[in-house]
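Below you'll find the structure, written out as structure tokens, and then a few comments.
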Amino acid sequence: MLIIAGLGNPGREYENTRHNAGFMVLDALADKLGADISERKHKALCGKAVIGGQKVILLKPQTYMNSSGESIRAAADYYKVAPEDILVIYDDISLAPGQLRIRAKGSAGGHNGIKSIIAHLGTQEFPRVKVGIGEKPPRMDLADYVLGHFSEGEKRIMADAVKEAADAVCEIVNMGIEQAMNDHNRKKSEGQQ
């Protein structure tokens, strides 16, 4: 069994903000799999699905971004899932909007949601799919930027990125992370964005 967790902040005021890219991908994945993510447990909204014969738990922590680890640890303990079987999807300001970066493990890179997960799991050894949201403009507060909404141009780019990220998650489950990294970890040229 795998846990696939998309990070974001609960509540209508945060819907479709940059920091909720993980939620957006998880919703797209649920649509693709015909899954429902509405059961409330483990401080999250949960759903069950099957990808290529593998049972997966779809998880949207409802603890707010900076405490995401509480929910993920609770689900991992309940389902007896090891950290390397927890795939986390989240936003990354160091990547251009719409660019994906898949990693088998790694540091938090300044992302508070990932810092919380590392603290609660006691390891950095869990796979992740990062979805680029672009760098914040100079002199703009980081929180204001990540909690802000996408521009009209970014919305089109992100719609494609969210679909690609959902496909990448399925590829990770079906074909392994190395194959998915080879297929999705590439810089997008201006023409692709």
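The values are calculated or read from the model by the stated rules, or taken from the named source; none is laboratory data. Keep in mind that this is a model prediction, so the values were computed, not measured. Don't worry about glycine lacking a Cβ; one is built from the backbone with ideal geometry, like all the others, and counts go over all protein chains shown. Remember, those area values only see protein heavy atoms, side chains included, never the ligands or the DNA or RNA. Shrake-Rupley method; radii C 1.70, N 1.55, O 1.52, S 1.80 Å.
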In segment 5-25, anything in contact with a helix residue (DSSP H, G or I) (Cβ under 6 Å, 6 or more places away or on another chain) and either part of a helix (DSSP H, G or I) or open to solvent by 40 Å² or more (accessible area, probe 1.4 Å) (or both) is listed as Tyr14, Arg18, His19, Asn20, Met24, Val25
When Met1 is evaluated against the numbered criteria (1) without any contact (Cβ under 8 Å) to a residue 60 or more places away in the chain; (2) of a type outside the set (Ser, Thr, Tyr); (3) surrounded by fewer than 22 Cβ atoms within 10 Å (Cβ to Cβ), which criterion, by number, is the only one it fails?
(1)
Give me a count of the residues in segment 39-63 that are under 14 Å from Ala5 (Cα atoms) and either part of a loop (DSSP other than H, G, I, E, B) or hydrophobic (A, V, I, L, M, F, W, C) (or both).
12
Select, from Glu178, Glu171, the only residue that is over 15 Å from Tyr90 (Cβ atoms), modelled with pLDDT of 95 or more and crowded, with 16+ Cβ neighbours inside 10 Å.
Glu171
Inside segment 168-177, can you point out the residues that are free of Cβ contacts under 8 Å to residues at least 60 places away in the same chain and assigned to a helix (DSSP H, G or I)?
Glu171, Met175
Within the group Lys136, Lys155, which residue is under 21 Å from Asn16 (Cα atoms), touching a helix residue (DSSP H, G or I) at 6+ places or on another chain (Cβ under 6 Å) and of a type in the set (Lys, Arg)?
Lys136
Any strands (runs of 3 or more DSSP E) falling wholly within segment 64-164 and containing at least 1 residues that are in contact with a Pro (Cβ under 9 Å, 6 or more places away or on another chain) and farther than 14 Å from Val25 by Cβ:
86-92, 100-103
What is the one condition in (1) under 15 Å from Phe23 (Cβ atoms); (2) over 15 Å from the mean Cα position of the chain (by Cα); (3) open to solvent by less than 30 Å² (accessible area, probe 1.4 Å) that Leu147 does not satisfy?
(3)
For segment 178-188, how many residues meet the condition of being in a helix (DSSP H, G or I) and touching a Lys or Arg at 6+ places or on another chain (Cβ under 9 Å)?
2
Among (1) open to solvent by 20 Å² or more (accessible area, probe 1.4 Å); (2) over 13 Å from the mean Cα position of the chain (by Cα); (3) of a type in the set (A, V, I, L, M), which single condition is Ala28 missing?
(2)
Identify the residue in segment 91-137 that is in contact (Cβ under 8 Å) with a residue 24 or more places away in the chain and polar (S, T, N, Q) and, among all such residues, is most open to solvent (accessible area, probe 1.4 Å).
Ser94
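Of all residues being hydrophobic (A, V, I, L, M, F, W, C) and open to solvent by 20 Å² or more (accessible area, probe 1.4 Å) in segment 36-57, which is nearest to Ala75 (Cα to Cα)? Just the residue, please. Explain how you work it out, then say what you get.
Applying the first criterion (hydrophobic (A, V, I, L, M, F, W, C)) to segment 36-57 yields 37, 44-46, 49-51, 56-57.
Then keep just the ones that are open to solvent by 20 Å² or more (accessible area, probe 1.4 Å); that gives 37, 45, 50.
On the way: Ile37: 14, Leu45: 11, Val50: 17 Å.
Applying the filter and picking the extreme gives Leu45.
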